[in-house]
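Asks: Next up is a structure, given as structure tokens.
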Amino acid sequence: MQSLTLTTLQEVAFDFKHDSFLSKSAPALPQAIIKTLAYFDVFNFPLTAWEIYKYLWVEDLVDKKVSYLAVRRALNELTNINYQDGFYFLSGQSELVPLRKSRQLIAREKYRRARWVAALLSVLPFTKLVAVCNSLAYDNTRPESDIDFFIITSARKIWTVRFLATLMLKLLRLRPTAASKQNKICVNFIVGEDALNLQPLLIAGDVYFIYWFKQLVPLYNQGGIFGKFIKANDFIGKAVNNSVPPLFYSQRRIEPEVAFKTAKLVLEIISGGVWVENFCQKIQLKLMPPALKQQAGASTAVVISDGVLKFHERDWREEYRDLWKKRITSNK
């Protein structure tokens, strides 16, 4: 099975000025690797050497420019991790290797549906980015899991896009319910292009949200908006290795036909009035559960503003952070 996590030679950027074969690993590098493996261990996900480099937690490194070869050397020196079938993991977690392989097959099937739905969402007026996020983004999904999308819209059009997206998914019976979530589509995080900086949404020690950025997989990317989004959130490079640019898999990317682009342009002209956005906002706020509206503003789990719509009633970020720290402590 050929994994999409494998890199090509073009994606490897060795910095030979910083990477002599005779140099030794930085003293803090082994611990950075442990922190990286510990985070993914929370989600039962072993990593390849390249993925450890890609996701390396560099927050505590003085020199955050670390080479792939230095990571490989440090892996050979560590004694409290194991290696099997191309994957590294914390000691005693060998059962995670077959689990990862099985979940990758599940993810492959879910991506087929994700691309189909992303193609539909891309035609909606003012939609500029449709990206897979959360567990499916890094091929770590379960059969019963839904499919999470992160969407970027034109400025001041978040309510319009959410209204149309929700209506479309409802008509296609693709909205998740309490009884059925498998392969359903969740669009609970939408931002406008005038509100790309999401740093205010971080909580203390927010390791999950930082990796969430790193793992996003754009399926539809109009006008290079994803690059602007990553640039607007360049703070993640202080915590996670930013030497590896986001990868765009050609077999997953959506590129609408000219006819669809024309239809989208017409729809944007028709629905471009401010009154449309105001109407969509009014309708959705009226239908929104009171408990959800009350939760808005109390934390960053639920956010309702002119530029951001985020609806995560149950925010697991504190629990993930604490589990991560426990694993680091037990593997020092």
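Asks: Would you grab the residues whose amide H sits under 5 Å from the one on Thr48? Only those 5+ places off in sequence or on another chain, please, with H modelled 1.01 Å from N.
Replies: Correct list: Tyr88.
Asks: Still on this structure: Which is farthest toward the positive dipole end of the chain among Trp159, Ile236, Leu323, measuring Cα position about the Cα centre, with Cβ charges +1 (Lys, Arg) and -1 (Asp, Glu)?
Replies: So the residue we want is Trp159.
Asks: Could you tell me the distance between the Cα centroids of the range 109-128 and the range 268-332, to the nearest Å?
Replies: So the separation of the two Cα centres works out to 21 Å.
Asks: Further question on the same structure: Filter the chain for me: DSSP H helices, axial length by Cα at least 15 angstrom, mean Kyte-Doolittle hydropathy not below 1.0. List them by residue number.
Replies: 158-171, 258-270
Asks: Quick query: amide H of Leu56 versus all other amide H atoms, modeled in the peptide plane; which residues come in under 5 Å with a sequence gap of 5 or more or a different chain?
Replies: Long-range HN contacts for Leu56: Asn241.
Asks: When the helix-only estimate is applied to the chain (DSSP H runs of n ≥ 4, each -39,500 (n - 2.57), divided by the residue count), what is the mean residue ellipticity at 222 nm, nearest 500 deg cm²/dmol?
Replies: About -13000 deg cm²/dmol.
Asks: Ranking request for peptides 216-228, 147-159: highest mean number of other beta-carbon atoms within 10 Å first, then the rest in descending order.
Replies: My ranking of the peptides, most packed first, is 147-159, 216-228.
Asks: Non-local amide H neighbours of Leu219 (under 5 Å, H modeled in plane, Pro and chain starts lacking H): which ones?
Replies: Hits under the 5 Å cutoff: Val130, Ala131, Val132.
Computed from the coordinates by the stated procedures, all read-outs in this text should not be read as laboratory data. Computed from a prediction, not measured in an experiment: that's the story for all the values here. We place every Cβ from the backbone using ideal geometry, glycine too, and count neighbours over all the protein chains shown.
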